[in-house]
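Working notes, structure below.
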Amino acid sequence: MKTEYYQTPSSSRLMRMFWKAAGGDRYILEKATYGDQIKYMCLGGIVLTTGVMAGLAGGYAFYTIFEPRGIALEDNLSISTAVLSILFGIIWGLIIFNIDRFIVTSTGKGDGTEAITWEEFKTAIPRIIMGTIIALTISKPVEIRMFKSEIDTEIHNKQIALKEKYILQADSLFQPRIDRINNEIEDLNNEIQAQTERSVDLEDQYIEEARIITVGPRARAIKEQWDRAKAEEILIKETYAPIIAEARSELDSIYISKRKVIAESSQKAKNLDGLLEKIIVSHELSGWIGVFVTLLFLAIELTPIFFKLMLIKTPYDYVEENIKELMKADQGVYVIRDYFQDKVGKERDLTKHINAEKIISEKIELQLVQERLSQYALSKYEEKLKKEIDADPKAFVEQTSNA
């Protein structure tokens, strides 16, 4: 708009994009004051920023939920999950952007003063609730990313503690059986060792006795004892060998089961690296800092709603109202303000649709005319029949009887 007293600055493409995000009317804003242009540009910037932050937060939350589980401090990047997270983040950001845009554009301008009355606040409560929910859903993933190193360290410690706990449970479950079998094997080996030592001792005695003197009665007696001891040694080894082999096989099976339980325990410890656990740890670690982060996003999300209730009417608002009234007048819509009171005593407007009422009135009049013409035609037809009857009553009676 260019006049003798004012010239509206030309808008850039970026400014027009922000206007669209804020739900501003470009036709009016091109002719409005610079203050109106900046106001709607700032509102659009907040809405767009919220959508971008929601997309980043949603994508990160998606990746955190579906990423491969592992030790918290290990870098286990999954390309496929990352691609899906980016796609989900874009879709989620667009959804929040549209919802936020609807909240801002559907919020009224209040009574045109800086004060927010209770009636204005009541009408804005549903939008405030929706904005609060959006702010909370955005803030939590961002909070997790802000404290990622501290959260990962704490979860890593929890994973180690949980893994050690599972190992102790596995030891308490399998170690008594392992000790029992080892003791049985040790007892059998001790018996075999004792018999072998006895056989070796008798062999040494026999060699020593035969070396000193010729083989005599004593040497032959020792030889007999040595032979019996050797035979017993062979018998014990043959008898205990399958028992020891079976015990060692059972021991190997127990060790396999123990390793399997420990491996499952390690996987359970890795599964601790989930979104819920990260949120819990974040609350434990962040304290008031996390509260301030949430309040920051609440302020970003709810600022446009409260600002629109606090805005003083500007030329843009008056021109917009004028255009709306012109459009209603052009379509034959007429509103009488505070025409009647409802059941609770609140003033209500009366809306009259002039064009629709005109068409309805014309149709009603046409229906009445058709009814009058039908009555007139029937009366004329009746007069004609009366004249025919007067001329020949007998013929009318016969005609009626034959019918």
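Rank-order 257-265, 361-369 by packing density, defined as the average count of other C-beta atoms within 10 Å over each peptide's residues, highest first.
257-265, 361-369
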Next on the checklist: To test your reading of the geometry: what angle, between 0 and 90 degrees and rounded to tens, separates the Cα axis of helix 393-402 from the longest principal axis of the chain?
Outcome noted: 20 degrees
Item to check | For segment 86-147: span of alpha carbons on each principal axis (Å, largest first) | outcome: 42, 24, 17
Checklist entry - Between the helical axis of 275-286 and the dominant principal axis of the chain, each derived from Cα atoms, what acute angle in degrees is found, rounded to the nearest 10? => result 90 degrees
Checklist entry - Given charges of +1 on the Cβ of Lys and Arg and -1 on the Cβ of Asp and Glu, with all other atoms neutral, how large is the dipole of the chain about its Cα centre, in debye to the nearest 20? => result 1680 debye
Item to check | Shape parameters for segment 229-348, alpha-carbon atoms, Rg then Dmax in Å | outcome: 41.2, 126
Checklist entry - On a 0 to 90 degree scale, rounded to 10, what angle separates helix 148-212 from the longest Cα axis of the chain? => result 20 degrees
Next on the checklist: What is the distance in Å between the Cα centroid of segment 333-373 and that of segment 138-182?
Outcome noted: 75 Å
Checklist entry - Semi-axes of the equivalent ellipsoid of the chain: what are they in whole Å, largest first, if each equals the square root of 5 times a C-alpha gyration tensor eigenvalue? => result 100, 41, 17
Checklist entry - Tell me, what HN-Hα J-couplings in whole Hz come from the Karplus equation 6.51 cos²θ - 1.76 cosθ + 1.60 at θ = phi - 60° for each residue of segment 6-15, using x for Gly and Pro? => result 7, 10, 5, x, 6, 9, 8, 5, 5, 5
Checklist entry - Once the Cα gyration tensor of segment 331-403 is found, what semi-axes does its equivalent ellipsoid get, as square roots of 5 times the eigenvalues, in whole Å, sorted largest first? => result 57, 14, 9
Item to check | Lys/Arg +1, Asp/Glu -1 at C-beta; the chain dipole; positive extreme among Met130, Tyr334, Gly93 | outcome: Tyr334
Checklist entry - Of Trp118, Ser401, Ala377, which is farthest along the charge dipole of the chain in the positive direction, counting Lys and Arg as +1 and Asp and Glu as -1 at C-beta? => result Ala377
Checklist entry - Which far-off residues, 5 or more places away or on another chain, put their amide H under 5 Å from the one on His353, with H placed in the peptide plane? => result Tyr334
Item to check | Over the chain: helical MRE at 222 nm, DSSP H runs n ≥ 4 each giving -39500 (n - 2.57), nearest 500 | outcome: -28500 deg cm²/dmol
Next on the checklist: Quick check on the exposure proxy: order Val281, Val142, Val397, Val200 from fewest to most C-beta atoms within 10 angstrom.
Outcome noted: Val397, Val200, Val142, Val281
Item to check | Shape call, segment 133-213: gyration tensor on alpha carbons, a/c limit 1.5 | outcome: prolate
Item to check | Fewest-first ranking of Thr196, Thr351, using other Cβ atoms within 10 Å as the exposure measure | outcome: Thr351, Thr196
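Read-outs throughout are calculated quantities, based only on the coordinates presented, and are distinct from any laboratory measurement. These figures come from a predicted structure and were not determined experimentally. Reconstructed Cβ throughout: ideal geometry from the backbone, glycine too, with neighbour counts over all protein chains shown.
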